[in-house]
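Each remark here refers to the structure printed beneath this line.
The values are calculated or read from the model by the stated rules, or taken from the named source; none is laboratory data. The model shown is predicted, which means the values in this text are computed figures rather than measured ones. Here the Cβ is made from the backbone with ideal geometry for all residues, glycine too, and neighbour counts use every protein chain on show. Ligands, DNA and RNA are excluded from the accessible area calculation, which covers all protein heavy atoms including side chains. Shrake-Rupley method; radii C 1.70, N 1.55, O 1.52, S 1.80 Å.
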Amino acid sequence: MSIITLFYGQCGSQISEAFYNNLHTEICDSKKDDYYSQSVDSWFHVTKSNKLVPRSLLIDTERKTKPRNVRYQLKNVVSKSCGGSANNWAFGYCEQSKLLTGEVEEQVRKELERSNQQVRFLNIFSLSGGTGAGVGSAINEFLKNEFPNKIINGVVLPYSSGELVTQSYNTLLALSKVYSTSDAIILFENDRLHHTCTNSLNIKDVTFDDINNLIARQLLTVLQPLKDVQTGDLLCNLCDDPLFKLLQIKLAPLSKLENASNWRSLLTSISRQSRYDFQQKTQANVTLKLKGVSSALVCRGLYSPVETDFKPFKDSSVAKTVHIYHQRRKIFNLDNCLSVVSNSNNAFVSLYTILQDAWNLYKYGAYMHHYKKFGVDEAHFKSSFEIVENVLQNYKHL
Amino acid sequence: MSEFIVIQVGQCGNQIGSCFLPEILQEYDVKLSHDPPSKCSKRDKTDLQQYMYSFFNFGTKAATFDTLSDLLRSNAKARFLCIDMEDSVVARFRAGKFRDLYDKKCLITNYPGSGNNWAEGYCSHGPKYKQKILNAVQYVVEQCDNLNGFLLLFSMGGGTGSGLGTFIVKLLADHYPSVERFIVCVYPTGTEDVITAPYNMAFATQELVNSATCVFPVENKALLDIVFRQTSRYCDRVSPFGPFEDVNKIIVDMVLHLTSGSRFGGKMNIDMNDINTNMVPFPKLNFLLSGFSPFVLKYVTSKHLKNELSLMASSRSCQLVKADPLDSRSTSMGVTLLGRGKFSVNDMRNYVDKLKTRLRFAPWSSKAVKVGLCDVPPKGLDFSVFSLSNSTSVLNLFDEVLSQFMKLYKRKAHVHHYTAVSEFDIQNFKQCQNDLNDFIQLYRDVEKIKPFTFNKR
């Protein structure tokens, strides 16, 4: 199984930097065992001179934002330096994507030929901007139409207090497109990650590097090879029901200082992280009892977990199905590392807030003329509202 | 990397421009003769100077430039268009130190000026020079790989700047509709030395509302206040230049701040076209207030000062227009904060939160904040904050433009100078008055918008 990763826009390229840095430290000193070869197989192809080249595409509309010091040389950089996408989903989706799709197709086909296994697509982008959201959703549709492979999207939600003014529009429009094309969507929320950085990691001055690093680690713990399941299938399995595709990842331990002696203490540490959910709900004035569709526990560490370790989780868990996966190989040099992937109505609050923001702009017609310029009109907006609202309603009435 | 074409029109525009080029070079760490030797390492310099494409075309790009002569050796040409209907200022470019940086094809002059008459510039010089200007523009555009926008500099008071300047804006809108047009224009309020300035300002404003992407107005009154405040506070730092040099430097610094997000890298990039999407909620409301801090060439290092900068940048005393975006009577439609230097996400979020408490937002715009981070601080500083705001307090400016216009027009004073230009229609006066009133009304309407009571579902 291998994964072709596509990074879009400034956010994507920054995450790619963190992602490959983490992956590098993960496998560079590794023994050349099964785990290593599986891992290399899923992320890289090996050149004749034994160099590792990521199976990856970096897609951007502005060359300046390209990462500079990555561990591996990204061969496939598809970038047209045309001054960005103006923070406008419509510009990215309708105009910029046309310039890029041809080249993306060529590179994707090349990558597909290079791998002789089953392939998954992994798209990483932010929902707030123009390039990531706009071009990302256009390429998503393109991939869905052209290739039978499964598509996993890792999307980043902007700070709710505002990074840019049109973020709620862009998120709305992108999400409504991406929801139908993808087999699983991993939600990363800047607010939540920021909160984790300040509260659990004790970083005073949070930078984007810290946040991206966290995203990269969360992705890797879930996507690095596992014993009983093919890479990426884990995520798709959680999204069996096409109505429920939103996943969130929680990770413990976050730092070496945290007590990671046994699985049970890690589980406590994770449940401590849900304090944030509670805060968020009170802030947004939403009363919603936690309910889930399914969740998975990924345990990486020498000792295999026993049934009793996760009994409290299973008992309290609202999810209908709970999968447990175990990999003896350590990750990030941590003795034990536990990540919980859940498909639950926890995702509701942050999306609901953004939907409210978008609606708030929309009812006054603010900023609409920027979108109409590219043919994205009221009808388009209405159908997008409908799609995202339906998704949220489904989760709400779980 | 985004590229810009700077078009400077009229005496004022060209004088700002003459101050612009040395400032750009200093920002890119190219030594002019009187500079102290730079401390920049070779590597940093390569990093910095890769962004020089924003304002320059190169024959062959060397890795780094230390001095002006290095730059000239690589056949560099500034992407500047200098247009004036008289010869005095542009002639200085032809002879000055930077003469070889200007492309001779991009200097367009005439004799004897536009007689401080908007109609002369717009209706008579405009059509006459249309082809010549278009050719020059096309010549420069063809040398660009990724043109990001036109930057126009002119004054609103005179004849050439306001008349021909706004004509060029319209020309560009027709011929290059997909390229954004950013206008930095100087309102001569408070220092009017031209008796017909009120007419010129009004006509030019009316034009800009319709054909510019974004307008960054600058008021002489505000600039002089800033200069006075800074020099009286730091009396040992009184500028050796005349007041105009100082005033022009402030404008140049503003343009450099404005484009910095687009020219340099940063963790949260602001491209120039982002500004239009983020700051203009409805068509025509495209006059943005700009401000930045610190002004003085004084090092800012302490944490305390760094935190002060953010609110300063949006405060009244740092605005280049006599208006207060933080005024509680006016409505804010959007704010952009750009931090230059080492700012973390945390810093910026704190600033935004602080700023939000001081602003009165329109019902839809409570989250209308755009944040940007740029790695490269201005020359000689460690930190700076640049702020843009779209606020109804800009009405101060328009009210003044309209009232000055009416003062003259009520008595039909000097009208005959305008009607003497054959292509000018007397109806334009009435039309202009109406347009300005409509425009002011647009802003007033925003102030009146009440929150809707109904919510979805």
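Quick check on B:PHE398: is it aromatic (Phe, Trp, Tyr) and not in a helix (DSSP H, G or I)? When the stated conditions are applied, B:PHE398 does not pass them.
The condition (being assigned to a loop (DSSP other than H, G, I, E, B), touching a residue at least 60 places away in the same chain (Cβ under 8 Å) and buried (at least 21 other Cβ atoms within 10 Å of the Cβ)) is satisfied by just one residue among B:ASN116, B:ASN148: B:ASN116. Set side by side, the residues B:LEU338, B:LEU388, B:LEU373 differ, and just one is assigned to a strand (DSSP E or B), of a type in the set (A, V, I, L, M) and within 11 Å of chain A (Cβ to nearest Cβ), which is B:LEU373.
Somewhere in segment B:347-356, is a residue at pLDDT below 85, away from chain A (no Cβ under 11 Å) and not in a strand (DSSP E or B)? Checked segment B:347-356: no residue is at pLDDT below 85, away from chain A (no Cβ under 11 Å) and not in a strand (DSSP E or B).
Within segment B:71-81, does at least one residue satisfy the condition of being outside any strand (DSSP E or B), charged (D, E, K, R), surrounded by 20 or more Cβ atoms within 10 Å (Cβ to Cβ) and in contact with a Phe, Trp or Tyr (Cβ under 9 Å, 6 or more places away or on another chain)? Within segment B:71-81, one or more residues are outside any strand (DSSP E or B), charged (D, E, K, R), surrounded by 20 or more Cβ atoms within 10 Å (Cβ to Cβ) and in contact with a Phe, Trp or Tyr (Cβ under 9 Å, 6 or more places away or on another chain).
Anything in segment A:19-61 that is closer than 27 Å to A:GLY130 by Cβ and aliphatic (A, V, I, L, M)? List them, or say none. Passing the criteria: A:LEU57, A:LEU58, A:ILE59. Cβ separations smaller than 8 Å between residues 6+ apart or across chains give the following pairs from segment B:164-189 residues that are assigned to a loop (DSSP other than H, G, I, E, B) to residues that are of a type in the set (D, E, K, R): B:THR189/B:GLU219; B:THR189/B:LYS221; B:THR189/B:LYS322; B:THR189/B:GLU400. Pull up segment A:331-358, narrow it to residues that are over 25 Å from A:PRO242 (Cβ atoms) and in a helix (DSSP H, G or I), then point me to the one that is nearest to the other protein chains (Cβ to nearest Cβ). If we take residues in segment A:331-358 being over 25 Å from A:PRO242 (Cβ atoms) and in a helix (DSSP H, G or I), then A:ASP357 is nearest to the other protein chains (Cβ to nearest Cβ).
This table checks each residue for (1) open to solvent by less than 70 Å² (accessible area, probe 1.4 Å); (2) under 24 Å from the mean Cα position of the chain (by Cα); (3) at pLDDT 85 or above; (4) farther than 23 Å from A:ILE331 by Cα.
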| site | (1), (2), (3), (4) |
| --- | --- |
| A:ILE211 | yes, yes, yes, no |
| A:ILE215 | yes, yes, yes, no |
| A:LEU219 | yes, yes, yes, no |
| A:PHE244 | yes, yes, yes, yes |
| A:PRO305 | yes, no, no, no |
| A:ASP315 | no, no, no, yes |
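Out of the residues in segment B:408-446 that are within 14 Å of chain A (Cβ to nearest Cβ) and in contact (Cβ under 8 Å) with a residue 40 or more places away in the chain, which is farthest from B:SER365 (Cα to Cα)? Per the stated criteria, the residue is B:LEU442. Taken residue by residue, segment B:395-406 has no member that is open to solvent by 10 Å² or more (accessible area, probe 1.4 Å), within 30 Å of B:PRO127 (Cβ to Cβ), without any contact (Cβ under 8 Å) to a residue 12 or more places away in the chain and not assigned by TED's automatic domain parsing to the domain that holds B:GLY339. Inclusion of A:ARG272 among residues that are open to solvent by 50 Å² or more (accessible area, probe 1.4 Å), modelled with pLDDT under 85 and not aliphatic (A, V, I, L, M) is warranted.
Could you please let me know if B:ILE449 is under 26 Å from B:PHE282 (Cβ atoms), away from chain A (no Cβ under 14 Å) and either open to solvent by 90 Å² or more (accessible area, probe 1.4 Å) or of a type in the set (Val, Ile, Thr) (or both)? It is false that B:ILE449 is under 26 Å from B:PHE282 (Cβ atoms), away from chain A (no Cβ under 14 Å) and either open to solvent by 90 Å² or more (accessible area, probe 1.4 Å) or of a type in the set (Val, Ile, Thr) (or both). Restricting attention to segment A:26-64 and to residues that are of a type in the set (Asp, Glu) and within 22 Å of A:ARG328 (Cβ to Cβ), the residue that is surrounded by the fewest Cβ atoms within 10 Å (Cβ to Cβ) turns out to be A:ASP29. Here A:TYR364 qualifies as without any contact (Cβ under 8 Å) to a residue 40 or more places away in the chain and open to solvent by less than 50 Å² (accessible area, probe 1.4 Å). Just give me the residues in segment B:254-265 being of a type outside the set (A, V, I, L, M, F, W, C) and either surrounded by fewer than 21 Cβ atoms within 10 Å (Cβ to Cβ) or within 9 Å of another protein chain (Cβ to nearest Cβ) (or both), in sequence order. Selection gives B:SER262, B:ARG263, B:GLY265. Considering segment B:24-45 alone, what residues qualify as being within 28 Å of the chain's Cα centre (by Cα) and modelled with pLDDT of 75 or more? Correct list: B:ILE24, B:LEU25, B:GLN26, B:GLU27, B:TYR28, B:ASP29, B:VAL30, B:LYS31, B:LEU32, B:LYS45. When segment B:40-70 is limited to residues that are surrounded by 15 or more Cβ atoms within 10 Å (Cβ to Cβ) and in contact with a helix residue (DSSP H, G or I) (Cβ under 6 Å, 6 or more places away or on another chain), the one that is nearest to the other protein chains (Cβ to nearest Cβ) turns out to be B:TYR51.
Find all pairs meeting these conditions: Cβ atoms under 6 angstrom apart; at least six residues apart or on different chains; first residue within segment A:7-25 and open to solvent by 10 Å² or more (accessible area, probe 1.4 Å); second residue not in a helix (DSSP H, G or I) and not basic (Lys, Arg). Partner pairs satisfying both residue conditions: A:GLN10/B:ASN269; A:CYS11/A:SER126; A:CYS11/A:VAL156; A:GLU17/A:PRO67; A:GLU17/A:VAL70. Taking the criterion of being of a type in the set (Phe, Trp, Tyr), surrounded by 19 or more Cβ atoms within 10 Å (Cβ to Cβ) and either out of contact with any strand residue (DSSP E or B) (no Cβ under 7 Å at 6 or more places or on another chain) or assigned by TED's automatic domain parsing to the domain that holds B:VAL184 (or both), would at least one residue in segment B:368-389 satisfy it? No, segment B:368-389 contains no residue that is of a type in the set (Phe, Trp, Tyr), surrounded by 19 or more Cβ atoms within 10 Å (Cβ to Cβ) and either out of contact with any strand residue (DSSP E or B) (no Cβ under 7 Å at 6 or more places or on another chain) or assigned by TED's automatic domain parsing to the domain that holds B:VAL184 (or both).
Of the residues making up segment A:280-303, those that are open to solvent by 70 Å² or more (accessible area, probe 1.4 Å), closer than 29 Å to A:GLY232 by Cβ and not aromatic (Phe, Trp, Tyr) number 3. Scanning segment B:266-285 for residues that are within 16 Å of A:SER128 (Cα to Cα) and part of a loop (DSSP other than H, G, I, E, B), we see that the one that is farthest from the other protein chains (Cβ to nearest Cβ) is B:ILE270. Out of the residues in segment A:377-398 that are within 17 Å of A:ALA90 (Cα to Cα) and within 13 Å of chain B (Cβ to nearest Cβ), state the one that is most open to solvent (accessible area, probe 1.4 Å). Taking the candidates together, the pick is A:LYS382.
Consider B:VAL184 carefully, then state whether it is under 23 Å from B:ILE440 (Cβ atoms), among the aliphatic types (A, V, I, L, M) and not assigned by TED's automatic domain parsing to the domain that holds B:THR277. Taking the combined requirement at face value, the residue does not satisfy it. The residues on offer are A:ASN202, A:ASN262, A:ASN237, and the sole one that is open to solvent by 20 Å² or more (accessible area, probe 1.4 Å) and within 14 Å of chain B (Cβ to nearest Cβ) is A:ASN202.
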